[in-house]
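In what follows, a structure is listed as structure tokens, so that the remarks can point back to it.
The values are calculated or read from the model by the stated rules, or taken from the named source; none is laboratory data. Not measured: the values here are computed from a predicted model. Using ideal geometry, Cβ is built from the backbone for each residue, glycine included, and neighbour counts are taken over all protein chains shown. The area values use the complete protein model at the heavy-atom level, side chains included, leaving out ligands, DNA and RNA. Shrake-Rupley method; radii C 1.70, N 1.55, O 1.52, S 1.80 Å.
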Amino acid sequence: MAWSGTAGRRVLVTGADTFWGGRTVQALEADPEVETILGLGTGTPSVPFGRAEFVRADQTYSILARMVRATQVDTIVHTFLIVDAAHASPRTLHEVNVIGTLNLLAAAGGDDSPVRQVVVKSSTVVYGCAARDPQTFREDTPRSGSPRTPLERSLVEAEAMVHDFSEDSPSTLVSVLRFANVLGSHLVTSLSRNLSRPLCPSIAGFDPLLQFVQEDDVVRALLFVTRNRIPGLFNVAGAGRLPWSEVAARCGTRRVPLPPVAPTIPLAPLTALGVVPFPPDLESLLRYGRGVDTSRLVGAGFHYHYTSAGAVQSFAQSLRLRRAAGRLPTSYTYEHDVEQFFRHSPSVVRPLET
Amino acid sequence: MATNGRPSTEVVPLRLQDAATEPLDDRRSSDVDEWGRSERVRALARRLYDPVYTSWFRAEWDGMEKIPTEGGALLVANHGGAIPSDAPVIMHGIEKELGRPVYGMAHYFFRTVPLVGTLWSRAGGVPAHPDNAYRLLHDQRQLALVFPEGTKATAKSYPDRYRLRRFGRGGFVEIAMRAGVPVVPIAVVGNEEAMPVLFRLPTVARVLRLPYFPVTANMLAMGPLGVVVPFPAKFRLKVLDPIVFDVPPDQERYSKNRVMEEAELVRALLQETIFDMLRDRRSVWFG
């Protein structure tokens with residue numbers, strides 16, 4: 001099946017109940033070229049969808065192959081890779097990142113597959129984080145050592161499968177975006193949770209340089225490669241790098257130095273209680289930091305709205321608002337029956353399709 | 001799922017077509033650049049180091065004008081001494097005279113040492129990785145300083161002073177070729193007497209996970225102070241003519257043969273220059 005100019009695109013978004021999936025669905029709904037949007041998730045959506053439909057599935061997406069055949073989607077946007085191991089066991093990481101991707105690619109592959117593009121939201125975690133690393137990773141820079149944390153392992157494995165898939169399926173465009181650490185006004189990660197407290201961890205004697213991408217740029221980048229059908233492997237990160245000390249200062253938090261040897265031990269009780277999220281990947285990041293080269297995506301025509309410092313700034317502003325006005329109340333709860341009613345009941349008056 | 005955010009009802013504004021490249025807000029509160037170098041820290045280091053440079057080592061340069069005042073260049077020098085003073089002296093001298101930053105490349109081991117790694121980075125140190133060197137030289141047209149002998153030179157004992165070790169695998173030549181920049185050899189004399197290594201303790205090094213653990217003459221003469229304080233040997237530095245390799249830049253591979261040959265030529269040239277300088281040197285302390 002070739003791309004048709006007039007008929008709209010049919011897009012399936014995985015992880016539609018997560019932050020990224022939800023935002024991607026919302027962004028796709030605003031795009032008139034997209035005809036159908038299907039959201040697949042394991043929970044319930046946290047944001048209201050307009051015309052998109054939500055389908056609940058198990059976390060390994062075993063239902064996906066059937067769905068792809070039934071709905072004839074031409075694009076799959078895979079936002080469901082876990083890139084922050086704070087609340088995920090190694091087992092979950094494997095199930096979601098490796099088995100989930102495996103099922104997704106199996107569903108998208110095959111001779112009779114309607115899928116023409118697969119977009120994968122990955123992370124710069126795949127580069128690892130070690131003293132031997134170069135200061136800047138290009139998309140083709142190899143890791144300086146083998147993966148050390150369960151998160152790295154699962155992402156490296158998932159990306160390897162995506163790579164094999166793109167070689168085996170020349171008729172399908174494969175876009176893999178590796179995002180740097182994300183900051184913004186809404187997203188909650190282990191890094192942002194640490195920065196939003198009065199005290200945040202650091203490793204004594206280390207002040208690494210970090211690179212950030214703002215959450216809106218993340219969704220814009222996903223949409224950019226989807227809309228313009230750009231295949232390839234891309235780093236996505238704001239320009240510039242900031243030392244951890246500067247990030248902490250901008251967010252109004254004081255750094256608590258942990259011992260350079262076994263820094264996780266004094267934190268262990270707090271980590272176990274879930275008070276301080278400190279996944280193993282954060283430890284090496286707070287030692288050596290990570291930087292990526294973003295010229296490939298910029299060369300493809302993408303314009304960032306935020307630099308690294310700008311991403312930190314937007315996060316700091318949202319923190320100030322939250323400290324002054326408190327958390328904004330949750331404004332939306334997903335009710336399956338209500339959503340189905342508005343989408344499918346004959347009683348609902350719908351504007352005529354043009 | 002871990003990255004589940006708080007609910008948001010906003011639709012992301014889609015401004016995909018905007019070709020307008022208004023400058024983005026990039027306000028910073030520190031002057032740390034992407035290499036971790038801070039000009040403020042560097043200026044402070046220069047102020048503190050200047051008395052050492054002028055009064056302690058009384059460094060004297062010959063041929064400073066051969067160092068390019070613009071564009072990338074790879075500075076290559078001989079190395080020595082338990083805690084080598086050649087790197088700070090070369091960086092200080094060039095920055096003082098030419099006003100150009102010099103990025104000193106060293107073993108990534110420094111990065112793993114708390115505080116030392118951070119200070120080293122803020123003061124213009126960069127881990128010696130081929131990608132880092134290429135980025136500095138080619139993309140940013142900076143001066144990078146390398147010691148191709150690496151720790152083989154700083155670990156050698158006093159009787160081997162001024163005998164240059166193997167120049168690695170010639171990686172520095174390959175980087176200069178790839179980046180299309182000249183190699184500028186710098187011969188340093190005086191450094192080997194500033195902190196001579198008498199012998200090494202490999203067991204201690206293994207336990208402390210250090211590349212080597214030297215016992216220096218300074219330690220015997222000054223006690224604990226001698227761990228960091230060098231002797232006031234007279235430093236003489238001679239800049240040789242820049243070497244431009246007649247090959248196209250940005251090639252996937254360069255002839256290993258040619259690379260090794262050029263590396264050996266640079267090594268021999270530096271070795272010969274150092275012997276010449278030693279022939280003319282009357283005193284270790286007064287030059």
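None of A:VAL276, A:VAL292 is in contact with a Phe, Trp or Tyr (Cβ under 8 Å, 6 or more places away or on another chain) and either over 30 Å from A:ARG138 (Cβ atoms) or surrounded by 14 or more Cβ atoms within 10 Å (Cβ to Cβ) (or both) except A:VAL292.
For the range A:71-96, name all the residues that are in a loop (DSSP other than H, G, I, E, B) and within 14 Å of chain B (Cβ to nearest Cβ).
Correct list: A:THR79, A:PHE80, A:LEU81, A:ILE82, A:VAL83, A:ASP84, A:ALA88, A:SER89.
Yes or no, residue by residue, for (1) over 21 Å from A:PHE179 (Cβ atoms); (2) assigned to a strand (DSSP E or B); (3) of a type outside the set (Gly, Ala, Ser); (4) open to solvent by less than 10 Å² (accessible area, probe 1.4 Å):
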{"position": "A:VAL25", "(1), (2), (3), (4)": "no, no, yes, yes"}
{"position": "A:ASP31", "(1), (2), (3), (4)": "no, no, yes, yes"}
{"position": "A:GLY43", "(1), (2), (3), (4)": "yes, no, no, no"}
{"position": "A:PRO48", "(1), (2), (3), (4)": "yes, no, yes, no"}
{"position": "A:PHE54", "(1), (2), (3), (4)": "yes, yes, yes, no"}
{"position": "A:ASP58", "(1), (2), (3), (4)": "yes, no, yes, no"}
{"position": "A:VAL68", "(1), (2), (3), (4)": "yes, no, yes, yes"}
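Scoring A:LEU267 on the criteria (1) more than 10 Å from chain B (Cβ to nearest Cβ); (2) in contact with a helix residue (DSSP H, G or I) (Cβ under 6 Å, 6 or more places away or on another chain); (3) open to solvent by 10 Å² or more (accessible area, probe 1.4 Å) leaves a single failure, condition (2).
Assess whether A:THR60 counts as being closer than 30 Å to A:ARG148 by Cα and either without any contact (Cβ under 8 Å) to a residue 12 or more places away in the chain or over 16 Å from the mean Cα position of the chain (by Cα) (or both). For A:THR60, the condition - closer than 30 Å to A:ARG148 by Cα and either without any contact (Cβ under 8 Å) to a residue 12 or more places away in the chain or over 16 Å from the mean Cα position of the chain (by Cα) (or both) - is met. Take the conditions (1) surrounded by 15 or more Cβ atoms within 10 Å (Cβ to Cβ); (2) farther than 30 Å from A:THR149 by Cβ; (3) not hydroxyl-bearing (Ser, Thr, Tyr); A:TRP20 misses just one of them, which is (2).
Of the residues contained in the range A:97-106, one or more are found to be open to solvent by 40 Å² or more (accessible area, probe 1.4 Å), part of a helix (DSSP H, G or I) and within 27 Å of A:ARG343 (Cβ to Cβ). The residues of the range A:110-125 that are assigned to a loop (DSSP other than H, G, I, E, B), touching an Asp or Glu at 6+ places or on another chain (Cβ under 8 Å) and open to solvent by less than 10 Å² (accessible area, probe 1.4 Å), listed by number, are A:PRO114, A:VAL115. A count restricted to the range B:232-287 and to residues that are within 30 Å of B:TYR53 (Cα to Cα), acidic (Asp, Glu) and either open to solvent by less than 70 Å² (accessible area, probe 1.4 Å) or at pLDDT 95 or above (or both) stands at 3. Would the range A:195-210 turn up any residue that is without any contact (Cβ under 8 Å) to a residue 60 or more places away in the chain, within 8 Å of another protein chain (Cβ to nearest Cβ) and in contact with a Phe, Trp or Tyr (Cβ under 8 Å, 6 or more places away or on another chain)? Yes, the range A:195-210 contains at least one residue that is without any contact (Cβ under 8 Å) to a residue 60 or more places away in the chain, within 8 Å of another protein chain (Cβ to nearest Cβ) and in contact with a Phe, Trp or Tyr (Cβ under 8 Å, 6 or more places away or on another chain).
Every condition in (1) open to solvent by 40 Å² or more (accessible area, probe 1.4 Å); (2) over 18 Å from A:LEU191 (Cα atoms) holds for A:ARG322 except the one numbered (2). Residue count for the range B:184-209 under the criterion of being at negative phi and either loosely packed, with under 14 Cβ neighbours inside 10 Å or in contact with a helix residue (DSSP H, G or I) (Cβ under 7 Å, 6 or more places away or on another chain) (or both): the result is 18. Going residue by residue through the range A:166-185, is there one that turns out to be charged (D, E, K, R), within 13 Å of the chain's Cα centre (by Cα) and either within 15 Å of A:THR24 (Cα to Cα) or at pLDDT 95 or above (or both)? Yes, there is a match, as at least one residue in the range A:166-185 is charged (D, E, K, R), within 13 Å of the chain's Cα centre (by Cα) and either within 15 Å of A:THR24 (Cα to Cα) or at pLDDT 95 or above (or both).
There is at least one residue in the range A:247-259 that is without any contact (Cβ under 8 Å) to a residue 60 or more places away in the chain, within 10 Å of chain B (Cβ to nearest Cβ) and in a helix (DSSP H, G or I). When the residues of the range A:128-143 are filtered to those that are of a type outside the set (D, E, K, R) and at the interface with chain B (Cβ under 8 Å from one of its Cβ atoms), the one that is surrounded by the fewest Cβ atoms within 10 Å (Cβ to Cβ) is A:THR141. Within the range A:295-304, restricting attention to residues that are of a type outside the set (A, V, I, L, M) and open to solvent by less than 40 Å² (accessible area, probe 1.4 Å), the residue that is nearest to the other protein chains (Cβ to nearest Cβ) is A:TYR304. When the range A:158-175 is filtered for residues that are among the acidic types (Asp, Glu) and surrounded by fewer than 17 Cβ atoms within 10 Å (Cβ to Cβ), the ones remaining, listed by number, are A:ASP164, A:GLU167, A:ASP168. Within the set A:VAL213, A:VAL225, the sole residue that is in contact (Cβ under 8 Å) with a residue 40 or more places away in the chain and over 14 Å from the mean Cα position of the chain (by Cα) turns out to be A:VAL225.
Where strands (runs of 3 or more DSSP E) fall entirely within the range B:97-157, none has at least 2 residues that are under 10 Å from the mean Cα position of the chain (by Cα), of a type in the set (Asp, Glu) and buried (at least 23 other Cβ atoms within 10 Å of the Cβ). Quick one: would you say A:ARG10 is more than 19 Å from the chain's Cα centre (by Cα) and in a helix (DSSP H, G or I)? Taking the combined requirement at face value, the residue does not satisfy it. Residues in the range A:229-246 that are buried (at least 24 other Cβ atoms within 10 Å of the Cβ) and at the interface with another protein chain (Cβ under 10 Å from one of its Cβ atoms): A:GLY238, A:ARG241, A:LEU242. When B:HIS92 is tested against (1) part of a loop (DSSP other than H, G, I, E, B); (2) touching a Lys or Arg at 6+ places or on another chain (Cβ under 8 Å); (3) buried (at least 18 other Cβ atoms within 10 Å of the Cβ); (4) not aliphatic (A, V, I, L, M), exactly one condition is not met: (1). The single residue among A:THR92, A:THR71 that is among the hydroxyl-bearing types (Ser, Thr, Tyr) and within 30 Å of A:VAL275 (Cα to Cα) turns out to be A:THR92. Scan the range A:144-154 for residues that are open to solvent by 20 Å² or more (accessible area, probe 1.4 Å) and more than 13 Å from every other protein chain (Cβ to nearest Cβ) and jot them down. If the condition is that a residue be open to solvent by 20 Å² or more (accessible area, probe 1.4 Å) and more than 13 Å from every other protein chain (Cβ to nearest Cβ), then A:SER146, A:PRO147, A:ARG148, A:ARG153 are the ones that fit.
Considering only the range A:155-174, I want to know if a residue exists there that is closer than 22 Å to A:ARG290 by Cα and either within 12 Å of chain B (Cβ to nearest Cβ) or among the hydroxyl-bearing types (Ser, Thr, Tyr) (or both). Scanning the range A:155-174 turns up no residue that is closer than 22 Å to A:ARG290 by Cα and either within 12 Å of chain B (Cβ to nearest Cβ) or among the hydroxyl-bearing types (Ser, Thr, Tyr) (or both). In this structure, does A:THR226 turn out to be surrounded by fewer than 23 Cβ atoms within 10 Å (Cβ to Cβ) and either within 9 Å of chain B (Cβ to nearest Cβ) or among the hydroxyl-bearing types (Ser, Thr, Tyr) (or both)? No.
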